[in-house]
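Take a look at the structure below.
Derivation of every value follows stated rules applied to the coordinates shown; laboratory data play no part. Bear in mind that the values here come from a model prediction, so they are computed numbers and not experimental data. Here the Cβ is made from the backbone with ideal geometry for all residues, glycine too, and neighbour counts use every protein chain on show.
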Amino acid sequence: MKRINATYHVRGEAEFVDDLPLPAEILYAAVFASPVAHGKILSLEIKHALALDGIVAVFTADDIPECDRWGTIIADCPILARNEVQYVGQPIAVVVGSTRAIARKALKLIRLEVAELPIIIDPRAAFSRGQIIGTPRTFALGDIDSAWSQCDLIVEGKCDIGGQEHLYLETQRTRVIPLEGKNLRVYSATQNPTLTQKTIAQMLGLPCHAVEVDVKRLGGGFGGKEEQATHWASLAALAAWHTRKPLELVLSRSEDLIMTGKRHPYSSDFKIGVTDEGKILAYQVKHYQNAGAYADLSPAILERTLFHSTNAYFIPNAQIFAVSCRTNLPPSTAMRGFGGPQAMFVIESAIAKVAKTLDIPREEIQKKNLLRSGDGFPYGQEIQTNSLRRTWLEAEQTYNLEAIRGRINDYNANHFATKKGYAVMPICFGISFTATFLNQASALVHVYTDGSVSVTTGGVEMGQGLNTKIAAIAAKTFGIGLSRIKIESTNTTRIANMSASAASVTTDLNGNATIRAIAQILDRLQALAAKELGVKDVENIAIAKEKVFYAGKETDLTWDYLAKAANLDRINLSAHAFYATPELGFNREREKGHPFAYHVCGTAIVEVTLDCLRGTYKIDAVKIVHDLGRSVNELVDRGQIEGGLAQGLGWMTIEDLQFNEKGELLSNNLANYKIPDIYFMPDEIDIKFLENDGNSPAPYGSKAVGEPPFMYGIGVFFAIRQAMKAFKLEKEFGFTSPLTPERVLCELYAERLLHKA
Ligand code: MTE
Ligand code: MOS
């Protein structure tokens, strides 16, 4: 089944925020942002900007009617900076003009005087100066202190992990239409319509019902529009509120790169203890998360770091410490994997260090410690599937890991200037929002008298294929053709109190709500069909292929007929339903509980060739066995796996986010921030799905797919490292990502480079 609305996309007809018809008198807003990373604002002079022809207004923090700070977890982020600035790119004023160009031109006429203050951009430095957000947290299992004495080998090390730019195709944007009275309609590229609605309402002192947020689709979000889209929507709403004119705010690519937060960089210290055979007995880790200037979602992301610190392994004695550190960078935010990838990188690094010390292949240690059904995580939940081991064994067999190892060893014995490497990367990712209350969703379904169907859910389509899956679920549940189903925009007047579309659970939650809404309508239609057929056993009535079946036999009644007849018989053809994931809970005092509905598992094998003279590499192959459950749409899921993998490979290798010592973003355009393109992608990508009983609480036995495959990309770091090791056997390499070609060269030839300097 092809993607719903694929035709619109191919023809360029799909509507995004700024494709909506332009209202007469529309105004354009541009954002004046801090040029320095930390300082006291001494003065702000807007009169020259105001004097420019075509400029309608300039708004500052003083123009905010009510609440001037926002944030989901801690409302600490100023909508507009008033007395101080905390990062380069922090919004200070909004300029409104008759064209986009004039508004931007006026930005240059604003005069700002700032007394600069010292800045911190390193999370360890922030921690040592007490600059933290929230409280540090520790997860523990077993008895770490007494476990060390039982270990044959203990190694320690540290990791420094780079951030990542979301690089959604569509930059942040919002169109606001003032309606009668004080009402506003907001078309926003947000993953979180309810947060956007609430924040605007609080800022303006309005009830939530005065602010309608509508989202048709996003040109990508990747977590970057989960929290932060609301900031830009608020600025647009503030300007529209005062001018009472339709208004649009669109960040240019370079503004978006500079002003928005990214994936968190982490610095981590690990200590790991194993037996001679490579059984992990103890693991201790400290994660220093670089949260940037404000809380944003950092505490929640830190929590997922805690959950995923042992990745796919059972470790009987573990102690995991994590802390959010405040720095003078843009607030770091959600991005695919949500703190999980950093945690997994550290345990994989620890295993690599053990493997080197014991001189055994990394995958021997990995395999020996893989989680089995019933094993407990440090957070108290047990894993209830053996699919992790099954994916590992299937990958090992069908892709013939032994042959890969042999082929690569042969190659390396016979080549000097190029070396090959491989790595196995198992993943185990918990599915559910870790904040239990967020695991809820609603759906609204209408059947029209012509038999066509309209579905609204609280989920946002951001390219992940949500609408395609919801349509497939709706068609299957009703027993009718896909062309009958239309998925509507996501709108706060049709669905209230939504959770963000995030945590990979959008289909799980909203799909289940959709099934429940449809079940209500089906009950009524089945009763009607029984009446029409003159039978009493309603349970034997079914709808399939747009026909009514009785006791397995096709009748003369059709879907078209039922829809019309129901209306004539005054039967309700609409339903709203609610779904909340059962059995979830987590106790933050004990740091134990049942945070996840289930776990998604899989195993990847990554192969690379490294040019040891140039530092460049080619990813030869990525071979994956993944547990999807029973997919609702295999093509969409395959796309998510390949896309997630691409983003993960980029994060580990060429996506090099650089800030200078003044906190300015150096990688501030697409010439110096590289993401994977088609040539960078592996020559071979093979994805196999685990044969499955479909035992999952998600719709029709499917499983969440959006984020987990991202973490297969981590394997590439260790594959390149293995090739480096083949070139320089004795050398110790660091665990610093991204492993750019420059970094590879520096690590291979550090002494020589140092000598020259
Ligand atoms: N795929 C595309 N094409 N675009 C996106 O923005 N976001 C990712 C993932 N896949 C994203 C994507 C992220 S961060 C998440 S959490 C999930 O999709 C969200 O959608 P889901 O819950 O429907 O999987
Ligand atoms: Mo995804 S990082 O949960 O939006």
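Just want to confirm a number: the relative contact order over segment 65-184, from Cα pairs under 8 angstrom separated by 6+ residues, in percent. Spell out each step's value before the answer.
Details: 35 pairs, mean separation 8.9, N = 120.
Relative contact order, segment 65-184: 7 percent.
What's the center-to-center distance, using Cα atoms, between segment 74-102 and segment 241-279 in Å?
19 Å
Can you list residues whose amide H is under 5 Å from Ala295's amide H, if they're 5+ apart or on another chain and H is modeled 1.01 Å from N?
Placed amide hydrogens put Asp76 under 5 Å from Ala295.
Taking all pairs of distinct Cα atoms, average 1/r, flip it, and tell me the Kirkwood hydrodynamic radius of segment 350-446 in Å to one decimal place.
Values: mean 1/r = 0.0590 Å⁻¹.
It is 17.0 Å.
If all Cα-Cα distances of segment 487-626 are sorted into 10 Å bins from 0 onward, what percent lands in each bin, rounded to whole numbers?
9, 23, 19, 20, 15, 9, 4, 1, 0
For segment 103-229, build the convex hull from the C-alpha positions and give me its volume per residue in Å³. Before the final figure, lay out each step's value.
Working: hull volume 33.1 nm³, N = 127.
Hull volume normalised by residue count: 261 Å³.
Mind giving me the FRET efficiency for Ala101 and Asp569? R0 is 51 Å, r the Cβ-Cβ distance, nearest 0.05 is fine. Each step should come with its number before you reach the end.
Working: r = 60 Å, r/R0 = 1.17.
Plugging the Cβ-Cβ distance into 1/(1 + (r/R0)^6) gives 0.30.
So what is the orientation-averaged projected area of segment 524-607, using the convex hull of its C-alpha atoms, in nm²? Could you put the intermediate results ahead of the total?
Working: hull surface 48.9 nm².
Approximately 12.2 nm², given one-decimal rounding.
Considering Cα pairs under 8 angstrom that are at least six residues apart, work out the relative contact order of the chain and quote it in whole percent. Mind showing how you got there, number by number?
Working: 1823 pairs, mean separation 109.5, N = 757.
Over the chain, the number comes to 14 percent.
Could you give the semi-axes, largest first, of the ellipsoid that matches segment 578-703, computed as the square roots of 5 times the alpha carbon gyration tensor eigenvalues and rounded to whole Å?
Numbers: eigenvalues 238, 113, 38 Å².
Equivalent ellipsoid semi-axes, largest first: 35, 24, 14 Å.
Quick one: what are the phi-derived ³J(HN,Hα) couplings along segment 284-296, Karplus 6.51/-1.76/1.60 with θ = phi - 60°, whole Hz, x for glycine and proline?
Calculated HN-Hα couplings, in order: 10, 9, 10, 9, 9, 8, 8, 7, x, 7, 10, 4, 6 Hz.
Suppose every K and R has +1 on its Cβ and every D and E has -1 on its Cβ; what is the size of the dipole of the chain about the Cα centre, in Debye to the nearest 20? If you can, show how the numbers build up before the last one.
Details: 80 positive and 85 negative charges, 103 e Å.
Computed about the Cα centre, the dipole is about 500 debye.
Let me see the P(r) profile for segment 34-174: every Cα-Cα distance counted, bins of 10 Å, each bin given as a percent of all pairs.
9, 24, 30, 17, 10, 6, 4, 1
If contacts are Cα pairs under 8 angstrom and at least 6 residues apart, what is the relative contact order of segment 180-254 in percent?
Working: 89 pairs, mean separation 27.5, N = 75.
Reported relative contact order: 37 percent.
What's the center-to-center distance, using Cα atoms, between segment 165-214 and segment 573-608 in Å?
28 Å
Evaluate the Kirkwood expression for the hydrodynamic radius of the chain, namely the inverse of the mean inverse distance over all pairs of different C-alpha atoms, and round to one decimal in Å. Before the final figure, lay out each step's value.
On the way: mean 1/r = 0.0364 Å⁻¹.
It is 27.5 Å.
For segment 113-167, what are the per-bin percents of Cα-Cα distances with bins 5 Å wide, up to the bin holding the maximum?
4, 9, 12, 15, 17, 16, 12, 7, 4, 2, 2, 1, 0
Grab the eigenvalues of the alpha-carbon gyration tensor for segment 167-298, scale each by 5, take roots, and send me the semi-axes largest first in whole angstrom. Walk me through the numbers before you get to the answer.
Numbers: eigenvalues 339, 46, 32 Å².
For segment 167-298, the semi-axes come out at 41, 15, 13 Å.
In segment 668-721, how does Rg compare with the Kirkwood Rh, expressed as the Rg/Rh ratio over alpha carbon atoms? Could you put the intermediate results ahead of the total?
On the way: Rg = 16.3 Å, Rh = 14.8 Å.
A ratio of 1.11.
Roughly how many whole Å is it from the C-alpha centroid of segment 17-42 to that of segment 444-472?
Segment 17-42 and segment 444-472 have Cα centres separated by 33 Å.
How do Arg304, Arg516, Arg362 line up, fewest other C-beta atoms within 10 Å first? Could the numbers behind the result be given before it?
Numbers: Arg304 26, Arg516 19, Arg362 23.
Ascending number of Cβ neighbours within 10 Å: Arg516, Arg362, Arg304.
How do Glu227, Glu394, Glu634, Glu180 rank when sorted from fewest to most other Cβ atoms within 10 Å of their own Cβ? Please list the in-between numbers first.
Values: Glu227 29, Glu394 18, Glu634 13, Glu180 5.
The fewest-first ordering by Cβ neighbours comes to Glu180, Glu634, Glu394, Glu227.
Could you order peptides 474-480, 204-210, 582-588 by the average number of other Cβ atoms within 10 Å of their residues, highest first?
Details: 474-480: 20.9, 204-210: 14.7, 582-588: 12.1.
The packing order, highest mean first, is 474-480, 204-210, 582-588.
Give me a comma-separated list of calculated 3J(HN,Hα) values for segment 625-642, in order, Karplus coefficients 6.51, -1.76, 1.60 applied at θ = phi - 60°, integers in Hz, x for any Gly or Pro.
In residue order, the calculated couplings are 10, 10, 9, 9, x, 9, 4, 6, 8, 5, 5, 4, 5, 4, x, 5, 5, 5 Hz.
What number do you get for segment 129-196 when its Cα radius of gyration is normalised by 2.2 N^0.38 Å, N = residues? Mind dumping the intermediate values first?
Working: Rg = 24.4 Å, N = 68, 2.2 N^0.38 = 10.9 Å.
Output field value: 2.24.
Could you give the semi-axes, largest first, of the ellipsoid that matches segment 627-757, computed as the square roots of 5 times the alpha carbon gyration tensor eigenvalues and rounded to whole Å? Could you put the intermediate results ahead of the total?
Values: eigenvalues 263, 71, 29 Å².
Semi-axes from the Cα gyration tensor: 36, 19, 12 Å.
If you plug each phi of segment 569-585 into the Karplus form 6.51 cos²θ - 1.76 cosθ + 1.60 with θ = phi - 60°, what whole-Hz ³J(HN,Hα) values come out, in order, with x for Gly and Pro?
Using θ = phi - 60°, the values come out as 8, 6, 9, 5, 9, 10, 7, 10, 9, 10, 9, 10, 4, x, 6, 9, x Hz.
Under a plain spin-label model, where a point goes 7 Å from the Cα along Cα-to-Cβ, how far apart in nm are Leu50 and Lys531?
Taking the two extended label points, one gets 6.8 nm.
Output the direction-averaged projected area (hull surface divided by four) of the convex hull of the alpha-carbon atoms of segment 180-227, in nm². Display every interim value, and only then the final one.
Details: hull surface 13.5 nm².
So the mean shadow area of the Cα hull is 3.4 nm².
Can you tell which of Ser268, Ala233, Ala282 lies farthest toward the positive end of the dipole of segment 225-289, using +1 and -1 charges on the Cβ of basic and acidic side chains (Lys, Arg; Asp, Glu)?
Ala233
How large is the convex hull of the Cα atoms of segment 221-367 per residue, expressed in Å³ as a whole number?
Values: hull volume 17.7 nm³, N = 147.
For segment 221-367, the hull spanned by Cα atoms encloses 121 Å³ per residue.
What three numbers, in Å, describe the spread of the alpha carbons of segment 403-488 along their principal axes, ordered from the longest?
Cα extents, longest axis first: 73, 34, 21 Å.
Could you list Val625, Val460 in order of exposure, starting from the residue whose Cβ has the fewest other Cβ atoms within 10 Å? All intermediate terms of the calculation are to be shown ahead of the outcome.
Details: Val625 26, Val460 29.
Fewest-to-most Cβ neighbours within 10 Å comes out as Val625, Val460.
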